[in-house]
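Following: one structure in structure tokens, then a few remarks.
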Amino acid sequence: MFCIKRFTFPPRARLPRYLRHLAALAATGSLGLLAGGGLAADASPPPAHPPMARLARDPFDASAAWGEFTELLRLNYAYLTRPGIDGEAILAYFEPRAKAAASKEAFREVLQLVAHNFADPHFIVGPLDLQDYNVVPTSSDLCARYRAPRFELVDVRRDSDAQAQGIVPGAEIISINGQTPRAAVEAVMGRPLAQLTAPQLDAGITIALAGLPKQARQLTLTTASWPRTYTLHSPGELAKRVQEAPPLSIERRGTAAIIRFNNSLGRNETIASFRAALLEVQAAKVLVLDFRNTPSGGNTTVARGIMGHFVRREQPYQVHVVPSEMRRYGVPRKFVEYVLPIAPYYPGRVVVLGGHWTGSMGEGLLVGFHALGVRTAGSGLADLLGALFNEHLALSDAKIDLGEEQLLQVNGQPREDFVPDIFREACEGRAGDDPLLEQAIRAAR
């Protein structure tokens, strides 16, 4: 079991996204009980309620809580403003609603809307409960976008109930649990559709499609000109199955070997499992590393423990920028992370796969391998922004996951702008039919 510490703003403590998602899934009942905090409820008994007289003296101060929250974002959030996202405008829109909140619970609900409007899956407000949307991308199975006047599916997660029922990319979304996609997006974002930018629209429809924990979804889609309604399991069930799987698996196709990672980039045991797998496939002429099922990200120790087998000398793989130091003190901070050699070295040809369910450290691995000169293949990635930190806001008891360091490719471009060398808009494939994998193997031979 895992224990996640709580922190009170302003102290900053870094925590792997992997542990954050375990806690969130535990809170929604998807992974059973976990000890510790994070966004999940504590396993220890709750403290006794204060006397009524104290409650009367200390009512919830929404204005002060809003000030605490906005100070955190303005000082620490590395992505307050980016193309399509105006952070100050978002805060100004939701300020009156937040300050009118009568309780901590109501206040945190407003903060969740704020987080959705930043269109950043790393930015999560908790604690989460069964009435909050599933965590995207970990507990999601459909990626979608808005291309006026249609909301349409971009990709369908491999091994999901949606894929098993024959849902395919390109289908137009007609309704989600009886709501039009417009109404569903407005509910997720807390504001009219006409006010939303392209990144917000795409984030809103993808969150809406993920649904609620432990609740089936009813989707009506149109493919080949006729509508069909599907009843789908909550994608949290898929997240649980993936988490219970071994860290990785090996497949052989002639002279090629494929190592697939099962959302295990935050599990330190993956380092030894990968080393053992690499020894097993040393004779393969082509090696495919498949990171398409790593939505929860992980940590740099595991990532470097993988990449180190493919370098003969130390090499840079990603760049960090810490804007909070500039904002606080006027002193810029920037540093580079390196990969160092680890035995055994793999001498064959390598290609690395990623897609819409490649998140955070998974994205870092694609960017890192690209910097090492390894060919990459896949679709757009999950765009979980920055290096993740976990904060606790004392005045509202909100737990905030926030990207507080900008992450760049070694060429200086933002990590989220990365495009694989071999690109397919829909790249998940299915059992027995994986065009991206086949294309990648051909390209590596």
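Is it fair to say residue 419 is surrounded by fewer than 24 Cβ atoms within 10 Å (Cβ to Cβ), closer than 19 Å to residue 274 by Cβ and β-branched (Val, Ile, Thr)? In short, no.
Beta carbons closer than 8 Å, at least 6 apart along the sequence or on distinct chains, pair a first residue in the stretch 240-254 that is under 16 Å from residue 286 (Cα atoms) with a second that is of a type in the set (Gly, Ala, Ser) and part of a loop (DSSP other than H, G, I, E, B) for 252/284. Looking only at the stretch 143-161, residues that are under 14 Å from residue 425 (Cα atoms) and touching a Lys or Arg at 6+ places or on another chain (Cβ under 7 Å) come to 2 in all. Within the stretch 326-346, the presence of at least one residue that is at positive phi and either of a type in the set (Gly, Ala, Ser) or buried (at least 21 other Cβ atoms within 10 Å of the Cβ) (or both) is confirmed.
Residues in the stretch 252-269 that are under 24 Å from residue 441 (Cα atoms) and within 26 Å of the chain's Cα centre (by Cα): 8 in all. The single residue among 175, 234 that is surrounded by 15 or more Cβ atoms within 10 Å (Cβ to Cβ), polar (S, T, N, Q) and free of Cβ contacts under 8 Å to residues at least 60 places away in the same chain turns out to be 175.
Yes/no matrix, rows are residues, columns are (1) without any contact (Cβ under 8 Å) to a residue 60 or more places away in the chain; (2) among the hydroxyl-bearing types (Ser, Thr, Tyr); (3) under 27 Å from residue 108 (Cβ atoms); (4) in the same structural domain as residue 254 (by TED's automatic domain parsing):
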position	(1), (2), (3), (4)
392	no, no, yes, yes
395	no, no, yes, yes
405	no, no, yes, yes
417	yes, no, no, yes
428	no, no, no, yes
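If you go through the stretch 80-94 and pick out every residue that is surrounded by 17 or more Cβ atoms within 10 Å (Cβ to Cβ) and touching a Ser or Thr at 6+ places or on another chain (Cβ under 9 Å), you end up with 3. Restricting attention to the stretch 98-115, the residues that are among the hydrophobic types (A, V, I, L, M, F, W, C), surrounded by fewer than 17 Cβ atoms within 10 Å (Cβ to Cβ) and in a helix (DSSP H, G or I) add up to 1.
The values are calculated or read from the model by the stated rules, or taken from the named source; none is laboratory data. Just so we're clear, the structure is a prediction, and the values are computed from it rather than from any experiment. We place every Cβ from the backbone using ideal geometry, glycine too, and count neighbours over all the protein chains shown.
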